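Participant: I'd like to ask some things about the structure below.
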Amino acid sequence: MDSIELTALRFFARHGVLPQETLAGNEFEVDLRLDFDAREAMESDKLEATVNYAEVAKLVEEEMQQPSQLLEHVAGRIRRRILAEYPGVCSGMVRVSKLAPPIPRQMERVAFTTSWSGPASK
């Protein structure tokens, strides 16, 4: 199986449970791995034979701009959109990280990761 990975996509968004999170917003980072059969793309050198990572990045941006309380919800929306728009993606991973979460302990980030294998995992 072949993969395309998009790493450290950065976004400002308004996800969170606390009112201050939806008002002030925060920085987020998204990482993706999309597994698919890339043999045709490797042979043909044609964009339509692969997963267009520029389009995937735009899709992620659109989903990140829709506020949610939970990182789980954001990651699930991204996953569903990818599977709906790229039926050739057979497995993968989406990680959504909130940078500098508003909790009493100092930490770099908190993240939620979802991964799947097979078309029945939508």
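The values are calculated or read from the model by the stated rules, or taken from the named source; none is laboratory data. Quick caveat, the model's predicted, so the values are computed rather than measured. Here the Cβ is made from the backbone with ideal geometry for all residues, glycine too, and neighbour counts use every protein chain on show.
Participant: Val110: over 20 Å from Thr22 (Cα atoms) and outside any helix (DSSP H, G or I), yes or no? I'd like the intermediate steps shown before the answer.
Facilitator: Values: over 20 Å from Thr22 (Cα atoms): no; outside any helix (DSSP H, G or I): yes.
So Val110 fails the test.
Participant: Could you check how many residues of region 20-66 are among the polar types (S, T, N, Q) and closer than 22 Å to Lys98 by Cβ?
Facilitator: Taking region 20-66 and keeping what is among the polar types (S, T, N, Q), we get 20, 22, 26, 44, 50, 52, 65-66.
Okay, now just the ones that are also closer than 22 Å to Lys98 by Cβ, so 20, 22, 26, 65-66.
Number of matching residues: 5.
Participant: Just name the residue that is nearest to Gln65 (Cα to Cα) out of those in region 113-122 that are of a type in the set (Gly, Ala, Ser) and part of a strand (DSSP E or B).
Facilitator: Ser115
Table: residues versus (1) exposed (fewer than 13 other Cβ atoms within 10 Å of the Cβ); (2) in contact (Cβ under 8 Å) with a residue 12 or more places away in the chain; (3) under 20 Å from Glu108 (Cβ atoms); (4) of a type in the set (A, V, I, L, M).
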{"site": "Arg10", "(1), (2), (3), (4)": "yes, yes, yes, no"}
{"site": "Leu23", "(1), (2), (3), (4)": "yes, no, no, yes"}
{"site": "Leu34", "(1), (2), (3), (4)": "no, yes, no, yes"}
{"site": "Lys46", "(1), (2), (3), (4)": "yes, no, no, no"}
{"site": "Thr50", "(1), (2), (3), (4)": "no, yes, no, no"}
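Participant: Are there helices (runs of 4 or more DSSP H) fully within region 6-105 with at least 1 residues that are over 11 Å from the mean Cα position of the chain (by Cα) and at pLDDT 95 or above? List them.
Facilitator: Details: elements: 19-24, 39-44, 53-64, 71-85.
Here the list reads 39-44, 53-64, 71-85.
Participant: List the number of the failed condition for Glu27; all other conditions in (1) surrounded by 14 or more Cβ atoms within 10 Å (Cβ to Cβ); (2) in contact with a Lys or Arg (Cβ under 8 Å, 6 or more places away or on another chain) hold.
Facilitator: Only one criterion is unmet by Glu27, namely (1).
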